[in-house]
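Colleague: Take this structure first; my questions come after.
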Amino acid sequence: MSWPNLLQYAVFLLIVALLVKPTGTYLALVFEGEKTLLDPLLRPVERLLFRLFGIDATEQMDWKRYALCFTLFGLLGTLLLYSLLRFQSVLAGSSSAYLTTPLTPDLAANTAISFATTTTWQAYGGESTMTYLSQMVGLCAQNFLAGAAGLALGIAFIRGLVRQQTEMLGNFWVDIVRATLWVLLPLSLLGGIVLVWQGVPLNFDAYTPITTLEGRQQIIAQGPVAALEFIKNLGTNGGGFFNVNAAHPYENPTPLTNFLEMLAIVVLPAAFTHTFGRLIGRPKEGWVLFGVMTALFLAGLLACGWVEQTDNPRIAALVSSVSSPPSGNLEGKEIRFGIGGSVLGAIATSNGATGSYNSMHDSYLPLGGAVPLVNMLLGEIIYGGLGTGLYSIIIVQVVALFLAGLMVGSVPEYLGKRIGVAEVKLVALYTLLGPMVVLILTALAVVTAGGKAGLTTNDGFHGLTEILYAYISSFANNGQNFAGLSANSTFYNLTTSFAMIIGRYGQGVVALALAAQFAKQVRRPFTSGSLPTATVQFAGFLIATIFIVGGLSYFPVLALGPFAEHIRLSR
Amino acid sequence: MQTSTKPNPLKTPESSKLQRRKVDGTGIYRRAIAESFVKLNPLTLYKNPVMFVVLVGTLVTFALTINPDLFGSQPGTRLINGLITGILFVTILFANFAEAVAEGRGKAQADALRRTKQDTLARRILPGGQKTEEVSSTQLRKGDFVRVIAGDLIPGDGEVLEGVASVDESAITGESAPVIKEPGSDVASTVTGGTRILSDSLVLRITSNPGEGFIDRMIALVEGAKRQKTPNEIALTVLLAVLTEIFLIVVATLPPFANFVGAPVSIATLIALLVALIPTTIGGLLSAIGIAGMDRVAQFNVIATSGKAVEAAGDIGTLILDKTGTITLGNRLADEFIPVGGHNGRELASVARAASMFDDTPEGKSVVKLAVSQGATNGYNLDGAESVQFTAQTRMSGTDLSNGVVLRKGAVDAIKRYVVDQGGETPPDLDAATERVSLLGGTPLAVCEGKEIFGVIYLKDIVKPGIRQRFEELRRMGIKTIMLTGDNRVTASVIAAEAGVDEFIAEATPEDKIRVIKENQAQGKLVAMTGDGTNDAPALAQADVGVAMNSGTQAAKEAANMVDLDSDPTKLLDVVTIGKQLLITRGALTTFSIANDVSKYFAIIPAMFSAAGIGALNVMGLTSPNSAILSALIFNALIIPALIPLALKGVEFKPLSANQLLTRNILIYGVGGLIVPFICIKLIDIVVTAIGLA
């Protein structure tokens, strides 16, 4: 691997690590309602919003109510967005002749669900489907609100572990208001300004026809890109303004914007580990989670980077007469980011539950493309989605602790909370959801005509990988697609919607129920017989559990997808 | 099992003589083999989700053996389907065998107990009190009065009302030395049905109806007839069930994928993969581990009323111990004479000796012994002297000589009052002497002749040898020890420091016990305690693990969830170890079972999809697809009986810190679980190929 790439990765992770403590602390202060610098500006706004919506900030919700609010909020967002998309053609500013993809009911529903679940899976191309109004009022607003809802869920989960002998997990409305006002809005504003400076457009102009150097006519799409660009990453949504997402020069014009956008994906979920450690009163616990996530992130970077630096053996065989050093697999990658920036984008977006890819993962070598796939299959636990990534890894940690706790001869507990029958049942249900939804839908797609119709360019091993990629991306609320699958069909619009809903609400509600189980308990004091979780040994065991639990579910399908393709390619 | 091989420093001389209850092994295995087939009944197998799935799989492959094209034309032959069926069937039998062996050991114990439970003739005392009638022991009811005389089997559990007799309780305790039974005493006044009276006679009031007695309950317990799954066992079963479900999904979705990439697979192979993946190892051994845990407790002569109690013992955070008899040897011994009021040591020794002449307690004897060694003179004529017994009211004892001289020894304030009442004075240096003894953690006894106090005897509490080290181990396991004693603070603190307990409560009342238990439980800790008296019963019931001494009262035994037949309070520490072993064994074998799946994948997947050209994943270099699948399945079956000894014996528990323990067990069972099957499957493959099976 080349030194500049390694240096880029090192700088990236170093900056993330440096931001974890201040950002995590800030998040903790915000959700605890403590004093922050922005208070003089935002408290009045907050009070106004509370009064406007009749929110009683002192009201506490049990998990059922919290889950109900979370689900209803998602449902309301979905319905509003659906209506907007369905009626966009009769609303203002919709006369563009370039909007060629009709927003059919299934596409509109899929898109609405997708944005309300932070998946932002796009079965359409933005510039050929969406009016500026839809982009701004619909999609951009959902980027904020859905992101904030995820953060609220994460905070409620932490409270479950922090609190004792209560059923109350906080107030959903207060949490999303604070997440939006104190976290997402100011950071998006700041990020948006930098992007505009780097050349990202923020206009409502008509698409511009130009004549290229080759003398051909080309239409350059325009729009308020900068407004959407930063929040799509910050909220771990990822739905691009344009079809090719962050590979588009208007979305992501320079290596600096690429770096910043990747940072925006990772920094909040990474910092959330510190928020957790701080609120639980044991910062080390947060750091160990951050360490595990970072180790896995780095492993993915190095593995994917190493594979992509090699040549495609078939192409190498063709050009073997010309002896040259390997140039790497550049197919599907933007030359302005190179292999290094593209791989960083692939790893950050696949781990960060964000679909804003900047290169075509479909064109990666089989094992290179397998890395983002595996990242998602592991359950979005490597930083993961905003707020949701934390509980995803903690639930795997609970599985690991159940076994580790037994192996030290005590009834298992996590942070002083017992892992009993009720807790194991919820964890089991959570763990079961992924393989159930992803494998069954993938199997359904490969045996039905509707499913197979989506495979317009590939078949066999690679086709299987494309379909698997689509469903895990939907279920993980990631939203990136392995280009090559034509997903705008009734079959895929409906099945991916189902995967997105279970991935978001199914897992989210189970996580809240688990948090409530923990909240009811007393936090048992830590003794020398308790198993310390903030240790290198336990971190190692956690990583092993992550791979074994994930690997056991998906090894066979991976063997028939990318592994088989790799073996065939290198023969 | 570490505790059995290492001499236990805490064991009293009597109990260390005691052999662990021996179980006759030959019959168990024969019976277990038969039981393995009986347990194939799907209605009982249903309770074990993992094994039930194997049974269903076996039936399907059996059908495929008879008609290989049952589900349409498929790759795979009748021979290979038959072999798979056979291996799967044996897998279930092995799992059943493991459970049957564990149960068999309990049954063997129950049989031994049942032999003691014979119908005997009882002499029931008729109303009026003088006449008796002979009835069968089965006709006795609670509240009946019976007389037993030397040589009789005691017909039922009862309370001694009259008489003093020696009773042989070896049938339940295994201890051959007879015990004295007499009325009035809290501890020595209960007798158990099935034990034998050796001398004299007793009048008893029967306290249980036939079939509800102590031995009956013990039989039911060791037999495991009413065994219920413990919470942790249920939680683990849930986890194993969900793993099984995940693998069901994985395997069920494979045919579509396989057909899609053009590498179809046979149903029999899919079932082979499913069985190899689902956690059959732990699924097959789980109940054996639980039963064996109770059995190991029983081998220590402790009867647990439920597996839950044993499991809780492994998880206790606080241990409440009585000082006397548990931390210290039951008796305090005279260590020093401190003369006061101008008397010298020899005078004091002489008075103390004479005052203790009739005192048969170990304390009294130790005073005489010390006095003689310090040159006590026979200055008192003991002919015709009378003994004055200790009572709770006077709190002193002594000797009245025939010449009218009165000698007393007793609690310092009691002696003081006694002397002052007679017009005597307390010497000015008495308080200093008393305080000195207290500061040393001893018990001061004042000695007087008439109205003159001669001095103070320093009675020293002897901390049991080795107990400090034992508490050290407990602390490393994260268990807090609290000592309860009726002594004053000063005395208690000295003993506490000497024994190395974490906390102590001086001048404790029975209410204190409950309070301490509740306080610790409120912090989310499990609390264990031992007790024998009736006033311990509420605390025993409140504690998560209450161990009653068999010598204790019926009330205590009923409130507790364990009964120690040897009445050795320090045995609680062994029970804690067994509880921990139980949990560790479960965790270790589950980890091992799951880790095994990695190698099974590498054996079966490349074999299964050889048509897809993924032979490069065959890292073990197994001969052929069929031999790979058979080898993985054979390993899967054989590992169950191979691990039965470990399941029954329990994983060794070392008192290390949690982190060290985790590292150790991950290395053995996690990393071991990854590596061992790679080697074994390869070896089995060589054998399978050599004998031409596939």
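Colleague: Treating the angle as unsigned and between 0 and 90°, give the value, to the nearest 10°, between the Cα long axis of helix B:625-649 and the longest Cα principal axis of chain B.
Modeller: 10 degrees
Colleague: Right, here's the next one. Need the C-alpha centroid separation for segment B:566-580 versus segment B:645-662, integer Å.
Modeller: Measuring centre to centre over Cα atoms gives 16 Å.
Colleague: Another question, then. Which three lengths, in whole Å and largest first, does segment A:6-106 cover when its Cα atoms are put on their principal axes?
Modeller: 50, 48, 31
Colleague: Test of understanding: ordering B:62, A:402 by Cβ neighbours within 10 Å, fewest first, what list do you get?
Modeller: Neighbour counts put them in this order, fewest first: B:62, A:402.
Colleague: With a ≥ b ≥ c taken as the square roots of the eigenvalues of the C-alpha gyration tensor of chain A, please select rounded if a/c is under 1.5 and otherwise prolate if a/b is larger than b/c or oblate if it is not?
Modeller: oblate
Colleague: Normalising by the residue count of chain B, find the relative contact order in percent from Cα pairs under 8 Å and 6+ residues apart.
Modeller: It rounds to 15 percent for chain B.
Colleague: Would you mind getting me the FRET efficiency between residue A:49 and residue B:59? Use the beta-carbon distance for r and R0 = 60 Å, nearest 0.05.
Modeller: Step by step, r from the Cβ atoms, then E = 0.45.
Colleague: Pull up all non-local amide H partners of residue A:419: gap of 5 or more, or a different chain, and H-to-H distance under 5 Å with H placed in the peptide plane.
Modeller: Here A:413, A:414 satisfy the definition.
Colleague: Here's a follow-up. Taking the Cα centroid of segment A:228-302 and of segment A:19-41, what is the distance between the two, rounded to the nearest whole Å?
Modeller: Going from one Cα centre to the other spans 19 Å.
Colleague: How big is D for segment A:62-192, in µm² s⁻¹ as a whole number, if Stokes-Einstein is applied with the Kirkwood radius of its Cα pairs at 37 °C and 0.692 mPa s?
Modeller: Here the translational diffusion coefficient equals 206 µm²/s.
Colleague: Using θ = phi - 60° and the Karplus form 6.51 cos²θ - 1.76 cosθ + 1.60, what ³J(HN,Hα) does each residue of segment A:130-142 get, whole Hz, x for Gly and Pro?
Modeller: Along segment A:130-142, the couplings run 9, 7, 4, 4, 4, 4, 7, 6, x, 5, 5, 4, 5 Hz.
Colleague: In whole Å, what are the Cα extents of the protein assembly as shown along the three principal axes, biggest one first?
Modeller: Projected onto the principal axes, the Cα atoms of the protein assembly as shown cover 141, 81, 62 Å.
Colleague: Another question about this same structure. Within segment A:14-123, report the GluC sites (Glu not before Pro) that DSSP leaves as loop and that have at most 13 other Cβ atoms within 10 Å.
Modeller: Counting only loop positions with at most 13 other Cβ atoms within 10 Å, the GluC sites (Glu not before Pro) in segment A:14-123 are A:34, A:59.
Colleague: With N set to the number of residues, divide the alpha-carbon radius of gyration of segment A:310-460 by 2.2 N^0.38 Å and report two decimals.
Modeller: Normalised Rg, Cα atoms only: 1.41.
Colleague: Specify the angular offset, from 0 to 90 degrees and rounded to the nearest 10, of the alpha carbon long axis of helix B:78-116 from the longest principal axis of the alpha carbons in chain B.
Modeller: 20 degrees
Colleague: Please compute, for peptide B:310-316, the average count of beta-carbon atoms on other protein chains lying within 10 Å of each residue's beta-carbon.
Modeller: Counting other chains' Cβ atoms within 10 Å and averaging over B:310-316 gives 2.
Colleague: Hey, fewest Cβ within 10 Å first, where do B:536, B:216, A:205, A:62 land in order?
Modeller: A:205, A:62, B:216, B:536
Colleague: Okay, moving on. Using DSSP, restrict attention to beta bridges with both residues in chain B and report what percent are antiparallel, rounded to the nearest 5.
Modeller: Of those bridges, close to 75 percent are antiparallel.
Colleague: Please list, in order along segment A:206-212, the HN-Hα scalar couplings obtained from phi with the Karplus expression 6.51 cos²θ - 1.76 cosθ + 1.60 (θ = phi - 60°), rounded to whole Hz, x for Gly and Pro.
Modeller: Values, residue by residue: 6, 4, 9, x, 9, 9, 7 Hz.
Colleague: Oh, and also: Using only the alpha carbons of segment B:592-685, what is the convex hull's orientation-averaged projected area in square nanometres?
Modeller: 6.6 nm²
Colleague: Kindly express, to the nearest 10 degrees and within the range 0 to 90, the angle between helix B:49-66's C-alpha long axis and the longest C-alpha principal axis of chain B.
Modeller: The two axes meet at around 30 degrees.
Colleague: Of B:39/B:580; B:369/B:416; B:323/B:580, which ones are farther than 27 Å apart at the Cα?
Modeller: Table pairs above 27 Å Cα-Cα are B:39/B:580.
Colleague: Moving on to the next point. If Rh is defined by the Kirkwood formula over all Cα pairs and Rg also comes from Cα, what ratio Rg/Rh do you get for segment A:486-526?
Modeller: Here the Rg-to-Rh quotient is 1.38.
Colleague: Which three extents, in whole angstrom, do the alpha-carbon atoms of segment A:184-270 cover along their principal axes, largest first?
Modeller: 48, 22, 21
Colleague: If one puts a single equal scatterer on every Cα of chain B and applies the Debye formula without solvent, what log₁₀ I(q)/I(0) results at q = 0.10, 0.11 Å⁻¹?
Modeller: Once normalised to I(0) and log-transformed, intensities are -1.01, -1.13.
Colleague: What is the order of A:407, B:608, B:620, fewest Cβ neighbours within 10 Å to most?
Modeller: Lowest count first: B:620, B:608, A:407.
Colleague: Counting partner chain Cβ atoms within 10 Å of every residue's Cβ in B:648-660, what's the average?
Modeller: 3
Colleague: Apply the Karplus parameterisation 6.51 cos²θ - 1.76 cosθ + 1.60, with θ equal to phi minus 60°, to every residue of segment A:267-284 and state each ³J(HN,Hα) to the nearest whole Hz, in sequence, with x for glycine and proline.
Modeller: 5, 5, x, 5, 5, 4, 4, 6, 3, 4, x, 5, 5, 6, x, 9, x, 4
Colleague: Let me ask you something else. Tell me what the protein assembly as shown gives for mean residue ellipticity at 222 nm when only DSSP H runs of n ≥ 4 count, each as -39,500 (n - 2.57), the sum divided by the residue total, rounded to 500 deg cm²/dmol.
Modeller: It comes out at -17500 deg cm²/dmol, rounded to the nearest 500.
Colleague: Near the amide H of residue B:505, under 5 Å away, which other amide H atoms are found, from residues 5 or more places off or on another chain, if H is placed in the peptide plane?
Modeller: B:483, B:484, B:485
Colleague: Using a 7 Å offset from the Cα along the Cα-to-Cβ direction at both residue A:284 and residue B:346, what is the distance between the two label points in nm, to one decimal?
Modeller: 6.6 nm
Colleague: Using alpha carbon coordinates only, what is the Rg to Rh ratio of segment A:22-270, with Rh defined as the Kirkwood radius?
Modeller: A ratio of 1.01.
Colleague: Something else: For segment B:113-166 and segment A:508-522, compute the distance between their C-alpha centroids and round to whole Å.
Modeller: 58 Å
Values in this text are rule-based calculations from the coordinates and carry no lab data. In this text the structure is predicted, and so the values were computed from the model without any measurement. Here Cβ is always computed from backbone atoms with ideal geometry, including for glycine, and neighbour counts include all displayed protein chains.
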